[in-house]
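Every number in this text was worked out from the coordinates using simple rules, so none of it is lab data. Just so we're clear, the structure is a prediction, and the values are computed from it rather than from any experiment. Backbone-built Cβ (ideal geometry, glycine too); neighbour counts: all protein chains shown.
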Amino acid sequence: MRRAILERIRSGEVTLAFRRWIRPTVRAGETLRTECGAIRIGAVTRVEEREISDEDARRAGSPSRAELLHELHSGRPGWVYRIELGAERTVPREPPPTGPDASHA
């Protein structure tokens, strides 16, 4: 994925992707490590092009459904898959205890 899209996934602006595959290359529940952080893969569903809405295209970062479909047609052969995406949110870990009582913690 392009860095601009990765940044938009991290910010929560992009929450879907559409890919044309013979078989999916990602599975629900996986985490992809990217230069912009981790991306969580939600549901991966095979869809028909007619099922893709304008809202889906917007959530995938495309300006329009027509442009998204054009991109899908200019790629590889296969079925169209809808992939739910989210930025992996990590909770900062507490630093280990320090000081004279640290070994008793």
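Okay, here's what the table says:
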| read-out | value |
| --- | --- |
| Qualifying positions in the stretch 35-66 - in contact with a Leu (Cβ under 6 Å, 6 or more places away or on another chain), touching a residue at least 40 places away in the same chain (Cβ under 8 Å) and of a type in the set (Gly, Ala, Ser) | 60 |
| Cβ-Cβ under 7 Å pairs, at least 6 apart or on other chains, the stretch 75-87 side of a type in the set (D, E, K, R), far side outside any strand (DSSP E or B) | 84/15 |
| Positions within the stretch 1-34 being touching a residue at least 60 places away in the same chain (Cβ under 8 Å) and either at positive phi or surrounded by fewer than 13 Cβ atoms within 10 Å (Cβ to Cβ) (or both), in sequence order | 11, 12 |
